[in-house]
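The values are calculated or read from the model by the stated rules, or taken from the named source; none is laboratory data. Note that the structure is predicted; figures quoted are calculated from it, not measured. Virtual Cβ from ideal backbone geometry, glycine too; neighbours counted across all protein chains shown. Only protein heavy atoms, including side chains, enter the accessible area calculation; ligands, DNA and RNA are left aside. Shrake-Rupley method; radii C 1.70, N 1.55, O 1.52, S 1.80 Å.
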Amino acid sequence: MALVSTATVASSSYHCDLLLFPTARRSWRGPRRSRGAAGARLAVLERAGAGTSSGLAVLERAGAGAGLAALERAGAAAAAARREEVVPAGNGRNSYEVESLIDRLSNLPPRGSIARCLETARHRLTLQDFAAVYREFSRRGDWQRSLRLFKYMQRQSWCLPDEHIHAIVIGVLGRQGPALLEKCLEVFHDLPAESRTALSYTSLIAAYARNALHEEARALLDQMKTAGVAPTAATYNTVLAACARATDPPVPFDMLLGLFAEMRHDVSPSVRPDLTTYNTLLAAAAVRSLADQSEMLLRTMLEAGVSPDTVSYRHIVDAFASAGNLSRVAELFSEMASTGHTPEASAYLGLMEAHTRVGATAEAVAVLRQMQADGCAPTAATYRVLLDLYGRQGRFDGVRELFREMRTAVPPDTDTYNVLFRVFGDGGFFKEVVELFHDMLQTGVEPDMITCENVMAACGRGGLHEDAREVLEYMTREGMVPTADAYTGLVEALGHAAMYEEAYVAFNMMTEIGSLPTIETYNALANAYAKGGLFQEAEAIFSRMTNNAGFQKNKDSFDALIEAYCQGAQLDDAVKAYMEMRKSRFNPDERSLEGVLNAYCIAGVIDESKEQFEELQSSVTVPSIIAYCMMLSLYARNDRWTDAYDLLEEMKTNRASSTHQVIASLIKGEYDDSSNWQMVEYALENSSLEGCDYSLRFFNALLDVLWWFGQKARAARVLDQAVKFGLFPELYRDTKLVWSLDVHRMSVGGALVAVSVWLNKLYDRLKGDEDLPQLASVVVLRGEMEKSTITRGLPTAKVVYSFLNDTLSASFHFPKWNKGRIICLKSQLKKLQSAIDSSDGSATAGFVRMTNSHLPSPGSKIYTREAQDDNGTVHLPDESLVEEKESELLAL
């Protein structure tokens, strides 16, 4: 196991083997790519120079490494500081001679002559230049060339390696794993004993420590002392970190404290424990859940004048969290503040995060209040932790209150707004997300790409297509290239508004700007088609996804396809899509099972529907209200009133969900008064927080059951709430030429409710002598199906057509130019208006009586008797009459 990776936040004395790389400038090449933490460490150590004393000074500052997940965090702050304070070495930092030599050596064949490579520059190269060469080979992991060059230098008097070069080569070899440790020893022994100082010893110790050989590292420390070479803090830190990292078996903590005691009692000031020493021990204590030892180390730090950093506090918090005693950390912070050692903000932040990981909201807020009381100003990161915690717990009022407090204490930054966008977007407060975005712009906080993606996602779920377009325009104006996620939000928003053409244009626009659609984008567009029953369009988009983009359908794709077939009355295809999903080894979730249940319920097959509902009950804790309403509608249409009332009682007595109880009471007519209706409105509003996708299915199912239960007045009130929530924006559209009602995205019962409400509005307008349009239109289908003659036989079209003509005596008909619309021409509207005027002011509320019927008693035959009488037929208008009306329309 590699002891230290480039991401390891341990002591830099693990990297003391890189010590001897002095910085040389590259005068003609462009900047080389950053090498991350390793490159930063190299540049730090370069400043040590070739001399031993300066190398030791760097080693003393470097510290030791840490182990395991917690131990690896020991030197994070120091590593970060080093990365910030240096320029990573690379192209553009070395001289022309060094660069030329690197190129020649890199192109040298295995048996090529190194001497020839150095002929032209041997008198211009210094040991510092050779160090730069080793630095480059170390970055590449090219230990073979490093070793060949070292052997050549040993044979030359003009470039004889000093201790600095020996330490470099040991470091290069030590990185390649245990197999090269013997060569590390050979290089070490090539250095005369009298020339060995802490620099070379520490480099060799680091090579063993890097390969998890802590016993050998400890033995080398003892050998070093025996040889009379005084260790430095970096030497101790390297051994200490190696021992702390040991896991099989772990080194007892008392042994680590023994090494720590040796450092403290050493008379040399260069061996004094530093911040890295304490962080290594704190990390080891955290891994072992030694809270008392962590507290002891903290007190020792403060007594020694070593100030804890962010990493120190994190380890202290981890230790007490593992011991289950986080309250003691707050007490320690208070004690520190009282003695003039107020912890920094990151310390409180770490404690707060520890509380949030276990959902301890009150304790996390208490840390904020203690922080303020101790005189440490909270940062934006402090508030972000609490904002996120409140959001995950659904405490949105708490989020708003805390954000108001934050604005008085510290200006919110981009990350804070991003947390708010995610919190409110997940919570269903889509319009609030848009308002916050405008607030962000007004306060001068610059959005980033994550900001715009979060806002677009909220607009998509909430169907806020106008706001989504504005955000997209903002991105374009600011020079930001919208990502696929941003466009997915726009496509979804347009789809929820039934703006299919615009959604398809936005979908195609993505490719033009180079943001290729993802599978989520395809699913969003297909889901938009599915809501309107445009199954042919959904099939086409999935075919394009598979053939052109190379994506295979996932579970969400199948869910959209099932819904498209159900809404388009292609019930066999819906079941086939479900079976295909199962064959593709996608596990169906609640949404999938509800889709198949919907297909069975629309088809009117009771046994299959009951079996599917039982499967749904076994899969989830409580089936959704949507599933219950589907079954209730099925029972009502088939006059299975006993089964319906049993299921309704099951909903009402459901203790796991108050919403189920409220909806059951609504259906039974128990919540009509104003006070109880507020509970209904609250339940309906909660459903809207789930987003348009869920809300459309919820309201469709609820309207359907209310209609078939004869609760027309209640259904009208529910429809009014849905419109207020922004659902079905296409429902009512009036111009001078057309009065239109669009029910193509509604269930059969929902469509009949909407038609009834619309007819009564039509009655009021005719009675009020308004200027009549050229026609009144009811849209029952959209898309490719508008061209097909089979449209008239589909459930929604058939039922709506029958209802219209039963109500208004054949005033409506299917036009030849569009099979998805049922229209009434102006001449017919005038006849209706005349009939209303000639009624002598008789008290009539409208064309349809919107009243609540008494629930039928068990055994009643309401719908099945009518079906038997009508024998399932629909009386279509006479073709000659249709042609006469068409000619009238064409003349217009």
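For ARG422, the requirement of being out of contact with any Cys (no Cβ under 8 Å at 6 or more places or on another chain), in a helix (DSSP H, G or I) and loosely packed, with under 15 Cβ neighbours inside 10 Å is not met. Taking the stretch 634-693, which residues are more than 20 Å from GLU594 (Cβ to Cβ), open to solvent by 30 Å² or more (accessible area, probe 1.4 Å) and among the small types (Gly, Ala, Ser)? Correct list: SER658, SER674, SER675. A Cβ distance below 6 Å, combined with a sequence gap of six or more or placement on separate chains, defines the contacts here; from the stretch 440-451, residues that are closer than 17 Å to VAL410 by Cα reach no residue that is open to solvent by 60 Å² or more (accessible area, probe 1.4 Å) and small (Gly, Ala, Ser).
Quick grid of which residues meet (1) in contact with a strand residue (DSSP E or B) (Cβ under 6 Å, 6 or more places away or on another chain); (2) at pLDDT below 80; (3) open to solvent by less than 20 Å² (accessible area, probe 1.4 Å):
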| residue | (1), (2), (3) |
| --- | --- |
| ALA64 | no, yes, yes |
| ALA76 | no, yes, no |
| SER106 | no, no, no |
| THR120 | no, yes, no |
| ASP142 | no, no, no |
| ARG145 | no, no, no |
| LYS151 | no, no, no |
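Scan the stretch 811-833 for residues that are small (Gly, Ala, Ser) and modelled with pLDDT under 90 and the total you get is 1.
Contact map, the stretch 713-736: first residue more than 20 Å from SER687 (Cα to Cα), second residue basic (Lys, Arg), Cβ cut-off under 7 Å, separation 6 or more or different chains; the map is empty. Which of the residues spanning the stretch 501-517 are at pLDDT 95 or above and of a type in the set (Ser, Thr, Tyr)? The one that is at pLDDT 95 or above and of a type in the set (Ser, Thr, Tyr): TYR504. Condition test on ASP720, is it more than 30 Å from ASN523 (Cβ to Cβ) and either open to solvent by 30 Å² or more (accessible area, probe 1.4 Å) or of a type in the set (A, V, I, L, M, F, W, C) (or both)? For ASP720, the condition - more than 30 Å from ASN523 (Cβ to Cβ) and either open to solvent by 30 Å² or more (accessible area, probe 1.4 Å) or of a type in the set (A, V, I, L, M, F, W, C) (or both) - is met.
Among the conditions (1) modelled with pLDDT of 95 or more; (2) among the polar types (S, T, N, Q); (3) not in a helix (DSSP H, G or I), the only one that ASN700 does not satisfy is (3). Out of everything in the stretch 573-601 that is more than 20 Å from LYS531 (Cβ to Cβ) and among the polar types (S, T, N, Q), what residue ends up being most open to solvent (accessible area, probe 1.4 Å)? Checked the stretch 573-601; the qualifying residue most open to solvent (accessible area, probe 1.4 Å) is ASN587.
Conditions (1) modelled with pLDDT under 95; (2) over 38 Å from the mean Cα position of the chain (by Cα); (3) part of a helix (DSSP H, G or I), marked per residue:
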residue	(1), (2), (3)
ASN654	yes, no, no
THR659	yes, no, yes
TYR671	yes, yes, no
TRP677	yes, no, yes
VAL680	yes, no, yes
ALA683	yes, no, yes
SER687	yes, no, yes
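This table checks each residue for (1) crowded, with 20+ Cβ neighbours inside 10 Å; (2) outside any helix (DSSP H, G or I).
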{"residue": "GLY749", "(1), (2)": "yes, no"}
{"residue": "SER756", "(1), (2)": "yes, no"}
{"residue": "ARG765", "(1), (2)": "no, no"}
{"residue": "LEU772", "(1), (2)": "no, yes"}
{"residue": "VAL778", "(1), (2)": "yes, yes"}
{"residue": "LEU781", "(1), (2)": "yes, yes"}
{"residue": "SER802", "(1), (2)": "no, no"}
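Look at the stretch 306-330: where a residue is under 22 Å from ALA373 (Cβ atoms) and a partner is of a type in the set (Lys, Arg) and surrounded by fewer than 21 Cβ atoms within 10 Å (Cβ to Cβ), sitting 6+ places away or on another chain with Cβ atoms under 7 Å, you get PHE320/ARG328.
Report whether or not SER289 is in contact (Cβ under 8 Å) with a residue 24 or more places away in the chain and at positive phi. Against the criterion (in contact (Cβ under 8 Å) with a residue 24 or more places away in the chain and at positive phi), SER289 qualifies. Taking the stretch 342-405 as the region of interest, the helices (runs of 4 or more DSSP H) fully inside it that hold 1 or more residues being touching a helix residue (DSSP H, G or I) at 6+ places or on another chain (Cβ under 9 Å), buried (at least 16 other Cβ atoms within 10 Å of the Cβ) and without any contact (Cβ under 8 Å) to a residue 24 or more places away in the chain are 361-373.
Taking each residue of the stretch 482-511 that is within 17 Å of CYS452 (Cα to Cα) and open to solvent by less than 10 Å² (accessible area, probe 1.4 Å) and looking for partners that are aliphatic (A, V, I, L, M) and not in a helix (DSSP H, G or I) with beta-carbon atoms closer than 6 Å, six or more apart or interchain, yields ALA493/LEU464. Taken over the stretch 246-294, the criterion of being among the aliphatic types (A, V, I, L, M) and open to solvent by 60 Å² or more (accessible area, probe 1.4 Å) is satisfied by MET255, VAL267.
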